[in-house]
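Structure first, commentary second.
None of the figures in this text is laboratory data; all of them are computed from the coordinates on show. Note that the structure is predicted; figures quoted are calculated from it, not measured. When we count neighbours, we look across all protein chains shown, and the Cβ atoms used for this are built from the backbone with ideal geometry, even at glycine.
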Amino acid sequence: MSGGIFFDIAAGAYIAAMITYIIYLVVRNKTVGLVASTITIAGFAFQSTALIIRWVNSYYFWMGSHPSSGLVEGLLRAAPLRNLYESLIFFVWSLILAHILVEFKYKIRSLGAFVTPLAASALLFIDISGTSKAIQPLIPALQSNWLLFHVLLSFLGYAAFGISFGAGAAYLITVTESRKEIPYIVGSVIVGIFMVVLIAMGIDFLSLSSADRAQMIQNHFLKTTLKSSSGGVAAASWVISIAFICAVWYFGLGLKKVLKSLSLTPAMLDDIAYKSIAVGFPLFTIGGLIMGAIWANSAWGKYWTWDPKETWSLITWFVYALYLHARFVGGWRGKRVAILAIIGFVAVVFTYLGVNLVLSGLHAYGSG
Amino acid sequence: MEENVTKDSAEKKDIFESIWKFLASIKLAIFTLMALALLSIVGTIVEQGAEPAQNIALLGKLFGEASAPTIYNIFANLGFMDMYGSWWYVGLLVLFSINLIVCSIDRFPKTWKVMNRPLRPLAEKAIKSLPIRKELTFKAKGNVARDEFYNALKSMRYKVLEANDEGSVQLYTQKGTYARLAVYVVHLSIILIFLGAIIGVRFGFKGYLNLIEGQASNVAYKSPTEKIPLDFTIKCNWYETAYYEGGDTPKEFSSELVILENGKEVVKKIIEVNDPLVYKGITFYQSNYGMLKEAQGYFVLTVIPSVGQEKTLWLKAGDTFEVPGTATKGTVIDFSPALTRDQNTGELTSYSENMVNPAVAIEFEESGKEPYKGWILKRYPETGILPGGNVIRFDDYWGVEYTGLQVAKDPGVWLIYLASIIMTLGLYICFFISHRKIWVQIRDEKKSVTVSVGASVNRNKIAFEREIEKLILHASESIEGRSKK
Ligand code: HEM
């Protein structure tokens, strides 16, 4: 049996949940909120099923090519964390899990309107980035338990950082008085850029033939719009993008009224942002940095080589260390720390996707 | 904490002290963290240690072709092309470490004092102004309330102290005091990682060694001209790439390595990616592989007759062998590392220079019959079945591939691992265990008893509030249960 159908249902559920959460934000009807939560949990159950099915299928796939493996080794090698597609799916899964935990612990629903769009964007990204969904054979360098734990813990950490991003953005909106405040400008522009890149990739996707889609990230990234070879199209795309970012900046503050009328206090949002970083930071340190280094050392004899991916993990780590110290001992409060939480997540996204998307496009060797 | 510092410094403020304060300051930490992050971003954009042309092309994309060479020169002179080894990047790391050490030394004595200060009972007023506080009244005797709170605290694994005053009892306790040390443990682990890295650079090396199948060496290389002597000999018996069925996705890269001391074999191991050979502190990793086009190797064929013993043959190109039980002779006449049939022309060609799909061509001759040529593919054993029922298996074309070994000695790596464990523990304690203090004041009134519970915690206040609520609930239920009887 293929888990694909369960996964599609889950993806549909998350998108439905996103819409319901946003409706809930506007109408603030308890039933609507309950529906949103129910859809999310149902989606989560479907996705968990899909993950298990994929794991079992990968297990048989692995055992087919490595009949002498034991059960444990087979299960470890088959864990669905083996490529970009699977890791993004796992990211969505952990994000939703973290969201459900926060929703139950803090008894607040409205955060869903900030977290589910992140999950939906990741799902959208998976579809439009054309990453292969097939179960693929594992190349030798990836046949490592360290790598498995590295990916597992990193993504749990990323999910926690994702929550802090949502909480940080919501915080920033609730405490902003005027659109001219610099933290608000920075925050809204960052969110705007995220959205522009995603939309531009969506357009890339729609304009490509299905054969080219597989190479989309490597060869066609933003080439339909912002990096179009036609000067006119490129210029128009830039103008529209900038207008869009300005619109996010202008209308973003409208959410303030909505958030204020809910039970979301700035103190609570600040606390959620901090708590999720307090969970994410150790996970990321241990999983992202330490286990990554151990894996590199066991495969290549070098635990640290300053390659762009490693360096960006370190940058991410510095940003969150900065957050913790600025907030706890440096006396930074409020908007400045919220901005750090947002920037931290930008670094996360760049570490995971940007290094492959942007830097490999710059570096000639990586574009192949 | 901050106030004492200002008072002291007013009295004697010499240069040493202001330098110390600067080096201990969190402002400096914020600055260095930001600087490291921002500079590292540059380091990921400019390609490190690359040929100048590569980075000039890159700068051309960013700033335009015309100004690229000038910008390149400026950047190169500042050390950006090999940034992580530049004086200013290393300097920043040193500053960061000094900051961390000085800051920790500066704060540690105070933390130590706070930790070791014995917990004291508090005046009732003080209890009522603690961050977490609660007032309760019970229709019960004071000693009942005291016992039940005592038991409730005990059951939550607090070591309870007790102070008696006229008409009142105070229970007080704390837990997780040691968690205050966790921050220092985390900071220490960072310093240990730096130390481990320094030891590795100072006393270790990173090199490589390419060994053709059958070849031995007693040196490794840092660069083509710079040798690293090994005090033993390492030999590669064979190298092999295994592929997943039905495609060219590699399944495993492996080499059989032998360590020789004075000509005697002491260790033999098949290494794979993620499973290196370690000998005398030097590790040999499977890192890459390749083929020497001009090399002449041996074709290793196993002849499996329909009846009788199978036999392995080592043949050079042009060598002839007999197919057992027949009058047929085979001659090795051709080899392809990656045989395929061209889709358009239908002809056989090689689609790669690596041994992705090795095939040997053999010409079979029987006196009086027309000779014929057949390809036997290593990955497709069915191609070796002969008409008479004999089978020829193509095992290897030996002696033409080399294994690329990464050779590393890193005497600092154990310290890095130790530091990682310490950091893991430190982070866990730091974020998930808090220093919790509870005071319970129990005062007998005429017909009732009033209980003031006060508590404080250094982090995770919400979770601790829940714990206190549970404590109160637990104790109240027991008190009410006992007073009903
Ligand atoms: C990237 C490197 C660093 C890491 C990973 C790190 C880690 C930590 C962690 C996890 C905490 C606890 C934060 C909390 O309570 O939420 C902490 C606290 C602290 N760190 Fe660092 N740190 C780093 C660098 C530094 C540096 C360079 C300084 C130098 C000034 C410093 C000074 C402090 C101080 C003063 C505290 C508060 C201690 C207390 O609560 O008494 N840290 N650090």
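For the stretch B:322-381, the Kirkwood estimate of hydrodynamic radius, built from reciprocal distances between every pair of different alpha carbons, is 12.7 Å.
Against the empirical curve 2.2 N^0.38 Å, the C-alpha radius of gyration of the stretch B:39-95 lands at a ratio of 1.13.
Look at B:T249, B:T349, B:T331 and count the other Cβ atoms within 10 Å of each Cβ; fewest to most, that gives B:T349, B:T249, B:T331. Calculated on the alpha-carbon coordinates, the convex hull of the stretch B:129-283 measures out at 317 cubic angstrom per residue. Relative intensity of the stretch A:46-113 on a log10 scale, I(q)/I(0) at q = 0.16, 0.19 Å⁻¹, equals -0.64, -0.77, per a Debye sum over C-alpha point scatterers of equal strength in the absence of solvent. For the options A:Y85, A:Y303, A:Y106, a Gaussian network treatment of chain A with springs between C-alpha atoms closer than 10 Å singles out A:Y106 as fluctuating the most. Against the main long axis of the alpha-carbon atoms of chain B, helix B:182-203 sits at an angle near 30°.
Note on A:278-286: average number of Cβ atoms from other chains within 10 Å of each residue's Cβ is 4. For the stretch B:244-320, the tally of Lys pairs with Cα-Cα distances below 29 Å comes to 18, considering only residues 8 or more apart or on different chains.
Dimensions of the stretch A:1-133 based on its C-alpha atoms, expressed as ranges along the principal axes with the largest first, amount to 58, 31, 21 Å. Would you mind pulling out the separation of the Cα centroids of the stretch B:30-73 and the stretch B:258-313, in Å? With the stretch B:30-73 and the stretch B:258-313 each reduced to a Cα centre, they are spaced 44 Å. The peptide list B:101-109, B:312-320, B:408-416, B:183-191, put in order of mean Cβ contacts within 10 Å with the highest first, becomes B:408-416, B:183-191, B:101-109, B:312-320. A Gaussian network model of chain A, with springs between Cα atoms under 10 Å, assigns the largest mean-square fluctuation among A:W306, A:W332, A:W295 to A:W306.
Across every direction, the projection of the convex hull enclosing the Cα atoms of the stretch A:279-368 has a mean area of 6.8 nm². Normalised by the number of residues in the stretch A:19-153, the mean separation of alpha-carbon contacts (under 8 Å, six or more apart) gives a relative contact order of 29 percent. Diffusion of the protein assembly as shown by Stokes-Einstein, at 4 °C in a medium of 1.567 mPa s and with Rh set to the Kirkwood radius over alpha-carbon pairs, works out to 40 µm²/s.
Across peptide B:40-51, the mean count of Cβ atoms from other chains lying within 10 Å of each residue's own Cβ comes to 5. Normalising the average separation of contacting C-alpha pairs (under 8 angstrom, six or more residues apart) by the number of residues puts the relative contact order of chain B at 20 percent. Dividing the convex hull volume of the alpha-carbon atoms in chain A by its residue count gives 148 Å³ per residue. The angle separating the long axis of helix B:87-116 from the principal Cα axis of greatest extent in chain B is about 40 degrees. Under the membrane-span-like helix rule (DSSP H runs whose alpha carbons stretch at least 20 Å along the helix axis, mean Kyte-Doolittle hydropathy 0.5 or higher), chain A yields A:4-27, A:30-65, A:84-106, A:112-128, A:145-175, A:182-207, A:231-252, A:266-283, A:335-349. Can you give me the angle between helix B:52-63 and the longest principal axis of chain B, using Cα atoms only, in degrees from 0 to 90, rounded to the nearest 10? The angle comes out at about 60 degrees. With q set to 0.21, 0.22, 0.24 Å⁻¹, the log10 of I(q)/I(0) for the stretch A:249-329, from the Debye formula over equal scatterers at the Cα positions, is -0.97, -1.01, -1.09. Within the same chain, lysines fewer than 8 places from A:K107 are excluded, and of the rest, those with a Cα less than 30 Å from its Cα are A:K30, A:K256, A:K257, A:K260, A:K275, A:K335, B:K128, B:K134, B:K175, B:K437, B:K461, B:K470. When the Cα centres of the stretch B:430-476 and the stretch A:268-302 are compared, how far apart do they sit, in Å? Here the answer is 34 Å between Cα centres. By the equivalent-ellipsoid construction on the alpha carbon gyration tensor, chain B comes out with semi-axes of 74, 35, 21 Å, ordered largest to smallest. Averaged over peptide B:29-37, the number of partner chain Cβ atoms lying within 10 Å of each residue's Cβ comes to 5. The local environment of B:P229, defined by Cβ-Cβ distances under 14 Å, has a net charge of +2 under the rule Lys, Arg +1 and Asp, Glu -1. Dividing the summed -39500 (n - 2.57) terms of all DSSP H runs of n ≥ 4 by the residue count of the protein assembly as shown sets its mean residue ellipticity at 222 nm at -17500 deg cm²/dmol. Centre-to-centre, using Cα atoms only, the stretch A:95-143 and the stretch B:82-155 are separated by 37 Å.
Ignoring lysines fewer than eight residues from B:K446 along the same chain, the ones with Cα atoms less than 17 angstrom from its Cα are B:K139, B:K141.
Working from the Cα coordinates of the stretch A:99-144, the gyration tensor eigenvalues give, after taking √(5λ), semi-axes of 33, 16, 7 Å in decreasing order.
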